[in-house]
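The values are calculated or read from the model by the stated rules, or taken from the named source; none is laboratory data. Since this is a predicted model, take the numbers as computed values, not measurements. Cβ: placed from backbone, ideal geometry, glycine included. Neighbour counts: every protein chain shown. We work out accessible area using only protein heavy atoms, side chains counted, and drop any ligands, DNA or RNA first. Shrake-Rupley method; radii C 1.70, N 1.55, O 1.52, S 1.80 Å.
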Amino acid sequence: MSDKSPWLVGKTLPGDPPVRLYCFPHSGGLPGEYVRWGRELPGVQLYGVCLPGRGERVAETPPASMQELVDRFLAETDLTPPFVLFGHSLGALVAFEVARELAVQDRPLPERLIVSAYAAPHLPRTASNLHALPDASLARAIGERYGAIPPHVMADPELLALLLPAFRADFTILETYRYKPGTPLTVPLEVFGAEQDAVSLEQLELWRDHTTSDFRLHRFAGGHFYFRENPRALIEVLGAVLGV
């Protein structure tokens with residue numbers, strides 16, 4: 001069932017790969033950017049997670065909350081062991097909550113959880129309301145904060161209209177999320193962060209509270225999308241973490 005889930009994008013490798021890596025994208029992100037990493041990770045079955053409301057699933061209604069997202073994903077996807085969860089930015093929070101729900105459901109847990117460019121979930125956050133902004137204001141805010149919308153898209157109202165609903169849906173999930181204290185995970189936790197990102201070293205270090213197993217912090221040169229600036233550095237560390 002895992003390889004046929006509507007949530008998963010990626011070329012299925014023949015045979016039984018030694019590890020599967022499931023990647024949860026950033027706000028507004030598509031899985032293709034992460035699927036391409038598989039070319040540089042021989043033997044790893046890599047899937048990018050595609051949320052409803054974008055890409056091939058653009059006609060589907062996006063989840064309105066983190067709980068709905070996690071529930072729908074796990075109801076429609078079998079994660080085949082051995083596997084690792086990776087998430088960048090919003091995706092880090094999603095991957096964390098998926099791992100916690102797997103533990104609650106007594107389902108197989110990931111070999112490792114890799115969270116990237118996101119502060120520890122229990123930390124207080126500055127209130128924001130991006131998901132309620134008009135389209136033009138939302139697009140400007142995304143560009144100013146994350147630089148995630150290419151200039152040619154910003155200049156094309158039709159392209160922008162196709163892109164913004166996914167951002168709005170993701171910001172709704174992010175801005176309405178409330179951390180609920182629970183039992184720490186029992187899986188090793190790898191935290192990726194960038195030296196020029198707004199997420200501080202201290203905020204990354206506090207992920208340590210969410211596992212009773214091994215904890216490692218990896219820092220990269222660059223900003224929030226450090227892996228776009230130096231993909232080779234990310235692949236080398238990811239390969240070492242996965243043991244390939």
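Across region 9-36, what is the number of residues that are out of contact with any Pro (no Cβ under 8 Å at 6 or more places or on another chain) and hydrophobic (A, V, I, L, M, F, W, C)?
Selection size over region 9-36: 5.
Take region 109-135 and flag every residue that is part of a loop (DSSP other than H, G, I, E, B), aliphatic (A, V, I, L, M) and at pLDDT below 95.
Within region 109-135, the first condition is being part of a loop (DSSP other than H, G, I, E, B), and the residues that meet it are 109-111, 117-129, 133-134.
Of the ones still in play, those that are also aliphatic (A, V, I, L, M) are 109, 117, 119-120, 123, 127, 133.
Residues satisfying the conditions are ALA127, LEU133.
Counting only residues that are assigned to a helix (DSSP H, G or I), open to solvent by less than 70 Å² (accessible area, probe 1.4 Å) and at pLDDT below 95, how many does region 219-230 have?
Looking only at region 219-230, we keep the residues that are assigned to a helix (DSSP H, G or I), and these are 226-229.
Narrowing further to those that are open to solvent by less than 70 Å² (accessible area, probe 1.4 Å): 226-227.
Then drop every residue that is not at pLDDT below 95, which leaves none.
Residues in region 219-230 being assigned to a helix (DSSP H, G or I), open to solvent by less than 70 Å² (accessible area, probe 1.4 Å) and at pLDDT below 95: 0 in total.
Pairs only if they're at least six apart or on different chains, beta carbon under 7 angstrom, first in region 200-219 and closer than 18 Å to PRO181 by Cβ, second assigned to a strand (DSSP E or B); list them, first residue then second.
TRP207/VAL115; TRP207/LEU189; TRP207/VAL191; ARG208/PHE215; HIS210/LEU185; HIS210/LEU189; THR211/LEU185; THR211/LEU189
Being in a helix (DSSP H, G or I), touching a strand residue (DSSP E or B) at 6+ places or on another chain (Cβ under 7 Å) and open to solvent by 70 Å² or more (accessible area, probe 1.4 Å) narrows it down to one residue among ARG208, ARG216; which is it?
Working: ARG216 fails: in a helix (DSSP H, G or I).
Criteria check complete, one pass: ARG208.
Hey, can you tell me all the residues within region 136-185 that are touching a Leu at 6+ places or on another chain (Cβ under 9 Å), open to solvent by 50 Å² or more (accessible area, probe 1.4 Å) and modelled with pLDDT of 75 or more?
ARG140, ARG168, TYR179
Can you give me the number of residues within region 35-59 that are outside any loop (DSSP other than H, G, I, E, B) and farther than 23 Å from ALA139 by Cα? Can you show your working first?
Here is the first cut: in region 35-59, the ones outside any loop (DSSP other than H, G, I, E, B) are 35-40, 44-49, 55-57.
Add one more test, that the residue is farther than 23 Å from ALA139 by Cα, and what stays is 35-40, 44-49.
Residues in region 35-59 being outside any loop (DSSP other than H, G, I, E, B) and farther than 23 Å from ALA139 by Cα: 12 in total.
Within region 147-167, can one find any residue that is in contact (Cβ under 8 Å) with a residue 12 or more places away in the chain, out of contact with any helix residue (DSSP H, G or I) (no Cβ under 8 Å at 6 or more places or on another chain) and not in a helix (DSSP H, G or I)? Show your work before the answer.
Initial filter on region 147-167 (in contact (Cβ under 8 Å) with a residue 12 or more places away in the chain): 147-149, 154, 160-167.
Restricting the remaining residues to those that are out of contact with any helix residue (DSSP H, G or I) (no Cβ under 8 Å at 6 or more places or on another chain) gives 147, 162, 165-166.
Now narrow it down to the ones that are not in a helix (DSSP H, G or I): 147.
Checking region 147-167: at least one residue is in contact (Cβ under 8 Å) with a residue 12 or more places away in the chain, out of contact with any helix residue (DSSP H, G or I) (no Cβ under 8 Å at 6 or more places or on another chain) and not in a helix (DSSP H, G or I).
Is it fair to say PRO14 is at negative phi and open to solvent by 20 Å² or more (accessible area, probe 1.4 Å)?
So PRO14 fits the description; yes.
Any idea how many residues of region 75-108 are in a loop (DSSP other than H, G, I, E, B) and surrounded by 19 or more Cβ atoms within 10 Å (Cβ to Cβ)?
Taking region 75-108 as the starting set, the residues that turn out to be in a loop (DSSP other than H, G, I, E, B) are 77-82, 89, 105-108.
Restricting the remaining residues to those that are surrounded by 19 or more Cβ atoms within 10 Å (Cβ to Cβ) gives 77, 79, 89.
Adding up the residues that qualify gives 3.
Kindly list the number of the only condition in (1) over 15 Å from the mean Cα position of the chain (by Cα); (2) part of a helix (DSSP H, G or I) that fails for PHE171.
(1)
I'm checking my understanding of the structure. Among residues of region 27-54 that are surrounded by 24 or more Cβ atoms within 10 Å (Cβ to Cβ) and in contact (Cβ under 8 Å) with a residue 60 or more places away in the chain, which one is farthest from ASP135 (Cα to Cα)?
LEU51
Does TYR226 fit the bill of being farther than 17 Å from HIS88 by Cα and either in contact with a Leu (Cβ under 6 Å, 6 or more places away or on another chain) or of a type in the set (Ser, Thr, Tyr) (or both)?
Values: farther than 17 Å from HIS88 by Cα: no; either in contact with a Leu (Cβ under 6 Å, 6 or more places away or on another chain) or of a type in the set (Ser, Thr, Tyr) (or both): yes.
Here the answer is no, as TYR226 does not meet what is asked.
Across region 17-26, what is the total count of residues that are of a type in the set (Phe, Trp, Tyr) and surrounded by fewer than 21 Cβ atoms within 10 Å (Cβ to Cβ)? Write out each step before concluding.
As a first pass, look at region 17-26 and keep what is of a type in the set (Phe, Trp, Tyr): 22, 24.
Narrowing further to those that are surrounded by fewer than 21 Cβ atoms within 10 Å (Cβ to Cβ): none.
Adding up the residues that qualify gives 0.
Any idea how many residues of region 60-74 are open to solvent by less than 40 Å² (accessible area, probe 1.4 Å) and in a helix (DSSP H, G or I)?
5
Read through the list (1) part of a helix (DSSP H, G or I); (2) open to solvent by less than 70 Å² (accessible area, probe 1.4 Å); (3) within 20 Å of THR126 (Cα to Cα), then give the number of the only condition that GLY239 fails.
Tallying (1) part of a helix (DSSP H, G or I); (2) open to solvent by less than 70 Å² (accessible area, probe 1.4 Å); (3) within 20 Å of THR126 (Cα to Cα), GLY239 fails exactly one: (3).
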